[in-house]
Structures are given as structure tokens and as C-alpha cells.
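Let me begin by presenting the structure, written as C-alpha cells, before commenting on it.
Values quoted throughout were computed directly from the atomic coordinates according to the rules given, and no laboratory measurement underlies them. From a predicted model like this one, the values you see are computed outputs, not experimental measurements. Cβ: placed from backbone, ideal geometry, glycine included. Neighbour counts: every protein chain shown.
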Amino acid sequence: MNHLKLAVALLGLMVAIIAFVRNQPHRNLINDALGDKLRIPERMWGYSAEDVQGVIDQLRSAPAIEGRSPLDVYVRPVLYWNDIVFAVALAVFSASLWLWILGQVGPVGTLRYALIAVTISAVVYGVADVAEDVMLARLFAQPKVSAGGTWVACQLTRIKIATNAGSITAGAVFLTLKYLTEHKAGAGD
């Protein structure tokens, strides 16, 4: 049974990598459309309704690619479904890996509680990231962004960032993938 946890972890890692890499061309399009002045809310610790509205306005007014605005691309396929697949797969990877380690090592005391805490953090990360993606996609579909909806999305982003870091392995995978696939403006354009 313990080897199954490791197999599930590795499968989750593979799916997460594929979803992340598959999403990069879309993310590059969005980042290019936003320019140097605006950033996507998902990567910011805090943001307001005005920040989100600015992103929406900029992406909506950017030139369309194959008949779709960068805002349309951001909602689908970035938020729906690539980011959701990535979040679930990364959470499965991290939680399964920590459960496998718990089974292999059989720690007691503080180490056991620490391993349980990072496992829970991985699960909470996955739930928060999926909820954040859905909330942002809904905000992007509104004619005017609501302050209340933005506040909820921002709190979900904060939970996502904190629990991703708290899960250790999910945070390390995310940072590694981000570093390896970082879009350089003008490179290869």
C-alpha cells in the first residue's frame, strides 16, 4: 500500500508538470498583454478590485489572437482548466509524497506532527488554488468587478501562497517550474 502512495505522488507530479508547461504559452500571451505595469492577481500577495479591473481592462483591450482576447484566454484555458488540473495534481503529489514518507519513516513526536502538518498544507493548497481559480474566472466574467468578490479571491490567493510554501514539496516544484519556464520578453518572439 505504501508503494501505491509513491506511485500516486509521481503520477501527480507528472500531470502537474504537463499542465504547467502546457499553460506557459497562454501565460506568456497574458503577461505580454499586461506589459510591465500590471501583474496577474494570482501571483500577488494582495490586490484590490481596482487592480483586478485594471487587468481585465488591459487584457480585454489587447489585440486578439486567433479571434480571442487575452482575457478570454486567461479564463479558458488558463484558469479553467489548466490551472485547476495543475493545482489538483500538485496537491496530490505533495500530500501523497508526505504520506509515503510518513509510512516509510514511521516518525513519532514532533516530527510526526510536522509531517502531518505539511500533508494537510498540501491538501489545503489544492482546495484554495482551485477555489481561487474559479473565483477569479467569475470576477473576470463580470462587467464590473465587485469589492467583495475581489476580497474573497485575494484571501484565497494568500491561503494558496502560504499553504503552497507550507507544503514544502509543492512550493519547491512550483518555484522550479516557474524558474525553468520563465518567459523572457523578446526572447524567441
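Within segment 52-61, the set of residues being surrounded by 17 or more Cβ atoms within 10 Å (Cβ to Cβ) and either closer than 16 Å to R76 by Cα or of a type in the set (D, E, K, R) (or both) comprises V55, I56, L59.
In segment 104-136, what residues are over 20 Å from L90 (Cα atoms) and either part of a helix (DSSP H, G or I) or of a type in the set (D, E) (or both)?
Q104, V105, G109, T110, L111, R112, Y113
Yes/no per residue for (1) surrounded by fewer than 20 Cβ atoms within 10 Å (Cβ to Cβ); (2) in contact (Cβ under 8 Å) with a residue 40 or more places away in the chain:
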{"residue": "A7", "(1), (2)": "yes, no"}
{"residue": "G12", "(1), (2)": "no, yes"}
{"residue": "I17", "(1), (2)": "yes, yes"}
{"residue": "D32", "(1), (2)": "yes, yes"}
{"residue": "D36", "(1), (2)": "yes, no"}
{"residue": "R39", "(1), (2)": "yes, no"}
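Based on what the data block shows, is V130 over 11 Å from the mean Cα position of the chain (by Cα) and on the phi < 0 side of the Ramachandran plot? Against the criterion (over 11 Å from the mean Cα position of the chain (by Cα) and on the phi < 0 side of the Ramachandran plot), V130 does not qualify.
Which members of segment 27-47 meet the condition of being among the basic types (K, R) and closer than 15 Å to D133 by Cα?
Within segment 27-47, R27, R43 qualify.
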